[in-house]
Amino acid sequence: MARYPAAQWIPASPENFRRARREEPRELVIHTVEGNNVEALHTWLTSPDEPNISVHFAVDKAGNVYQYVDTDDEAWHARDHNRFSIGIEHVGYAAEPSTWTPQMVSSSARLAAWVNEVHPDVALDDEHIVAHGSFQEDRTDPGPHFPWVDYIARARAYRSGGLVSSIFGGGATSVVVVVVVALALAQLWTRNG
């Protein structure tokens, strides 16, 4: 069983996903809900009246993560990609820049890092983290405002142990940089405070 520890577990209706994958995941599909009501999303994704619809995760604008389907099972969110993908829905609209709050992007990138840890074939790059609209022509999500470069950089940073180590290469150099920056900020604060 692969459940993200930071997610609230809200199980999908058992009719709406396949237990036990046919293939090991190698792709993370980024979706937008095209709506702002997280409660409606929960109802939609857990209802037996919505046949053949499920997703592994959703992230709301506050950064809360919800899990509906275990990543060892196959959710139905991406047509022909279902058998080898994991899906993350994001509450909001593909056409609205305000969808991508810092909290949402950070939580989703942290989730992507966890997915890579549990399913190493889902590499943290633009070949394995893909837009729903990149392979399904009737979809445009996550839209033109999704911060691809920042998202993948954050996911890599979280996977490697932190943002500072990903920027400065880790080790003693990172510690020195953090101390120098902290001292400089303290000095500015003292001067202006």
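Quick note: the coordinates plus some simple rules give every number you see, no bench work behind them. Here the structure is a predicted model, which means the values were calculated and not measured.
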Based on alpha-carbon atoms only, what is the radius of gyration of the stretch 125-165 relative to the globular estimate 2.2 N^0.38 Å?
1.38
Here D for the stretch 66-160, in µm²/s, from Stokes-Einstein with a Kirkwood Rh over Cα pairs at 20 °C and 1.002 mPa s, works out to 155 µm²/s
In order over the stretch 116-132: 3J(HN,Hα) from phi, Karplus 6.51/-1.76/1.60, θ = phi - 60°, whole Hz, x for each Gly or Pro, gives 4, 5, 7, 10, x, 6, 8, 5, 8, 8, 6, 8, 10, 10, 10, 7, 4
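Would you calculate the convex hull of the Cα atoms in the stretch 1-119 and tell me its volume per residue in Å³? Don't skip to the end; give the middle numbers.
On the way: hull volume 11.1 nm³, N = 119.
Per-residue hull volume (Cα only) is 94 Å³.
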